[in-house]
Amino acid sequence: MKKKSIVLTGAAGQLGLTLKECWSSFSLAKDFELVCKDKKQLDVTSRDSLENTFKGKEIALVINTAAYTAVDKAESEPDQAYLLNQFAPQFLAIWSMKSNCNLIHLSTDFIFSGKSNSPYLTTDIAEPLNVYGKSKLAGEIALLKENPQHSTIIRTSWLYSHQRSNFVKSMIKLMSEKDELRIVDDQIGSPTATDSIVELIFAMLKAEHYSGVYHWSDQGSVSRYDFALAIQEYSLNAGLLKSKIPIIPISTDQYQTPAERPKYSVLDLELTKNKFSIEPKLWKERLQDVIRRIADNEK
């Protein structure tokens, strides 16, 4: 009997790479064929490319991890940001609706304003501050409009892994090159390892019925400054850094960027925990695991 396919878009990104790495350990992997597509193999911004790539194939699910994620660059490249973050999800939703196919789409904490002082619920009003957040919200709206019954949105925050570019790897590089760093201490969020998102996706596949909007991150919240301190500590322990450098806390006002960031973007996880009987790991535990893997890769 031919297996149904699960198509992974954005397969060369940090989340896509982690899902591919973890796939063989998934208990239901034998029941599906994982078809991985990077941007060279599939143009998710082209309806023709989607139709031609998927034509004649029996696809049970598309996991869309393709996105425009350069937050500051998006301010000067709004067309490119909206193309990948709004229109690509819309085209995938239209195709999946016609094909009676499920769609899991990754979104972000940056759809919120950061003016809250308690973790954001999935039902809270979205008020993005920058082009990136606005384009991701537009993608959510388009997706839920085109295929509401079979679409799933996972919002996450401060995503990182041992691969590709991210805050953790950038900090380690800068700490090895600079005499000191200045890091903002008034932006609060929840760092999230890509492994955590993969574990949620696997839990969803086991549950079978999972459409809707969900929040997921690692447990706990921290400022960018304290996150950087932890990165330095664990990197020293792992042998990635030879010596400690001063890390100086500064305010967002002292570190101007093209895109405004939310000051507080912690996500409420209770709905997801209850729905899928899953517990998040502490962000510090995940960070130590990822830094160990970065160190292993450099041996």
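The values are calculated or read from the model by the stated rules, or taken from the named source; none is laboratory data. The shown structure was predicted, so the numbers you read here are calculated from the model rather than taken from an experiment. Cβ sites come from the backbone with ideal geometry, for glycine too, and all protein chains shown count toward neighbours. Areas reflect the complete protein model, heavy atoms only, side chains present, ligands, DNA and RNA absent. Shrake-Rupley method; radii C 1.70, N 1.55, O 1.52, S 1.80 Å.
Build a GNM of the chain with springs between Cα atoms under 10 Å apart, and of Ala67, Ala12, Ala230 the one that fluctuates most is Ala230.
The protection proxy used here, the mean number of other Cβ atoms lying within 10 Å of each residue, ranks peptides 168-174, 263-269 as follows, highest first: 263-269, 168-174. Here the relative contact order of region 154-290, from alpha carbon pairs under 8 Å that lie six or more residues apart, stands at 38 percent. Take Glu180: with every protein chain present and a 1.4 Å probe, its accessible area is about 80 Å².
Taking Cα atoms only, the orientation of helix 131-146 departs from the longest principal axis of the chain by about 20 degrees. Annotation: the antiparallel percentage among DSSP beta bridges lying fully within region 161-299 is about 25. For Ser243 and Lys4, a Förster radius of 45 Å and the Cβ-Cβ distance give a FRET efficiency of 0.30, rounded to the nearest 0.05. Annotation: amide H of Val213 within the under-5 Å range of Ile153, sequence separation 5 or more or interchain, hydrogens built in the peptide plane.
Accessible surface computed residue by residue for the chain, with neighbouring protein chains in place and a 1.4 Å probe, gives 48 Å² per residue. Length gained on full extension, Ile250 to Glu58: 63.8 nm, using 0.36 nm per residue less the C-alpha separation.
Provide the percentage of antiparallel DSSP beta bridges, counting only those with both residues in the chain; round to the nearest 5.
Of those bridges, close to 5 percent are antiparallel.
Full extension of the chain between Trp23 and Leu236 yields a length gain of 73.6 nm, computed as 0.36 nm times the residue separation minus the alpha carbon distance.
Accessible surface for Val213 stands near 30 Å², nearest 10, in the context of the full protein assembly shown (1.4 Å probe). Averaging the Cα positions of each part gives two centres, and for region 1-68 and region 151-165 these lie 16 Å apart.
Dividing the mean sequence gap of close Cα pairs (under 8 Å, 6+ apart) by how many residues region 3-48 holds gives a relative contact order of 54 percent.
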